[in-house]
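One structure is given below, encoded as C-alpha cells.
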Amino acid sequence: MRRVSEGGGTRGGLRLWEAVRAVPRTLRKDLWTVARDPLPSLRWLGRLPHAHAVLFAVLMGLANVNQYEPQFESPTAPAATTAVATAVTLLVVLQSGAAVLALSRPVPAWWLSTLALFLARTVGETKISHAPLWSWSFPGIALHTLVLFLLALRVRPRVAAEALGLTLLSGLAALAFAAPAQQPSLLQDAVTCTTAVVVGASLRGRRVARSQLVEQEVRTADERARRTLLEERNRIARELHDVVAHHMSVISIQAQVAPHLVKEPTDELKENLAGIRENAVEALTELRRVLGVLRSEDASSDGVRHAPQPTLGRLDELVGKVRGTGLAVITETTGEPRPLPPGVDLSAFRIVQEALSNAMRHAPGAAVRVDIGYRSGGLTLRVTNSAPERPAPPSPGAGHGLLGMHERTAMLGGELATGPTPDGGYEVTAILPTDTTKPAEPGEDAP
C-alpha cells in the first residue's frame, strides 16, 4: 500500500509539474495576440454604447491627470519635475487610449492599460491625492475596469480570468515600489476589477447562449423544411408510381397480344414483341421494387392505395366538397378541353386541391375562383381568393401545400407564382407544359 501511495503521489506530482510548466504556454496562447475583435453593435442602441465608452475614457483621462501630484524632496529640480509630470501625463493618455482601443482590440488594450497603470504608480515619487484605499487613482481604476469589462465581453472566461490575475499581480508589484508612508491595500482594486470581469463574462455567456439558440432554431427550421420536402417528394413518387406502373402494364399486355392480331407473324416479329414484353415486365418489377417500398409507409387502406389517381375530370367533385365546408367557389374553363398526359393531369389536380385547401385553412369566409385555361402546348391554372372575413385559426405544424406545388411544377418544367393580392387575398398561378416528349433539362428555363 505504501508503494502504491508513493507511486500515486509521484504521478500526481508529475501532473502538477506539467500543469505548472504549461501555464506560460497557455498564457502566451491566450493573451499574446493582437487579433481584431470589434465590439458588436446592439440591436436597439446601435453604436451609442461605443460613443459612451469613448466619452467616459476622455472624462476619466482628464480627471486622472488631476489626481497625480508629483512632489520632490528638492524643489530646486524643475527639469526633473517637468519630466516626471510629462511622463505621468503620457501614461494617463495611454491608459485613456487603451479604453478606446478596447472597443476593437481588447487584448492589446488590456496590455497597454496594465502597463500604463504599473508605470504611473512607480514612476518618480508620485503621490495620489485621495484616501489610501486604492493602489492607483480612482479614474485610473475606472478606466482599467472598463478595459477588463470590454475584454470579458469578447473573450472566453478563462482568458478574462487570466487577465484579471495578471492585473492583480501587477498591482502587487506596483505596491512593492510604493513609498513607505503610503501603503494602500489592493483589496478594493481586486473587488472592482473582479466585479467587472464577472459581469462582462456573464453578459458574454448570455449573448453566446442566445446566438447558439438562434443557430439551433435556424438548423431546426432547415431540418424541418428538408424533412417536409422529402415527405412531399415521397408523396409525389407514390402517385407517379401508380401512373408509370399502369403504362408499363399496358405496354406488356399489348406486346403479348400483338402477335395474335397478325395472321401469320414472322419469327422476327414474335421475337421483338417478346423482347418488348420481357423488358416491360422487368422495368415494372424494378419500378415496384424501388418505388413500391414507399407504399409501405402509407397508412391508407388497401382500397384507397389502389384507387385510381385523380385527374381534372374529378374537379367538379372536388369543388363540391369544398363548397360543402361553406366556402364559395367559382370555376371557369377557357380553351378546348383535351386529354392531358397522366403526370400533367395528376399534378394539375393536386395543385388546385392544395390551393383550395390553403384557402379553407388561411382564408375562412373568402370567395374563391378557379380558372383553368387550355392553351397550345400548355395548361394554365389560377386559383385566387379574396380577403378572409375572420382571422384564421393557427396552423398546426409545417404545411406541404406551397412546397408540393413547387415540386410538382418543377418536375414538369413549368412555372409557379404565389403571393398576396392587392385586396388582401391570395393567388396561385401555375403554367404546366403538356408537351412531354422532351424532358426538361436541369436548369433549363420552362417554356
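For segment 178-233, the set of residues classified as polar (S, T, N, Q) and modelled with pLDDT under 75 consists of GLN182, GLN183, SER185, listed by residue number.
All told, GLY320 falls short of being assigned to a helix (DSSP H, G or I), at pLDDT 75 or above, of a type outside the set (S, T, N, Q) and under 24 Å from ASP435 (Cα atoms).
Based on this model, can you work out whether GLU223 counts as acidic (Asp, Glu), open to solvent by less than 100 Å² (accessible area, probe 1.4 Å) and either in contact (Cβ under 8 Å) with a residue 12 or more places away in the chain or in contact with a helix residue (DSSP H, G or I) (Cβ under 8 Å, 6 or more places away or on another chain) (or both)? So GLU223 fails the test.
Here's the yes/no breakdown for (1) modelled with pLDDT under 75; (2) closer than 27 Å to LEU151 by Cα; (3) open to solvent by less than 60 Å² (accessible area, probe 1.4 Å); (4) of a type in the set (Lys, Arg):
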| site | (1), (2), (3), (4) |
| --- | --- |
| PRO75 | yes, no, no, no |
| ALA79 | yes, no, no, no |
| ALA85 | yes, no, yes, no |
| LEU90 | no, yes, no, no |
| SER104 | no, yes, yes, no |
| ALA116 | no, yes, yes, no |
| LEU119 | no, yes, no, no |
| GLY124 | yes, no, yes, no |
| SER129 | yes, no, yes, no |
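Here MET360 clears all of (1) out of contact with any Ser or Thr (no Cβ under 7 Å at 6 or more places or on another chain); (2) outside any loop (DSSP other than H, G, I, E, B) except the condition numbered (1). Here LEU402 meets the list (1) within 27 Å of GLU223 (Cβ to Cβ); (2) in contact (Cβ under 8 Å) with a residue 60 or more places away in the chain; (3) open to solvent by 30 Å² or more (accessible area, probe 1.4 Å) almost entirely, failing just condition (2).
Name the residue, out of ALA142, ALA98, that is closer than 19 Å to ASP37 by Cβ, of a type in the set (A, V, I, L, M, F, W, C), open to solvent by less than 40 Å² (accessible area, probe 1.4 Å) and modelled with pLDDT of 80 or more. Sole residue among the options that is closer than 19 Å to ASP37 by Cβ, of a type in the set (A, V, I, L, M, F, W, C), open to solvent by less than 40 Å² (accessible area, probe 1.4 Å) and modelled with pLDDT of 80 or more: ALA98.
The values are calculated or read from the model by the stated rules, or taken from the named source; none is laboratory data. Every value quoted in this text rests on a predicted model; they were computed, and no experiment measured them. Neighbour counts run over all protein chains shown; Cβ positions are idealised from the backbone, glycine included. Heads up: the accessible areas ignore ligands, DNA and RNA and are worked out on the full protein's heavy atoms, side chains in. Shrake-Rupley method; radii C 1.70, N 1.55, O 1.52, S 1.80 Å.
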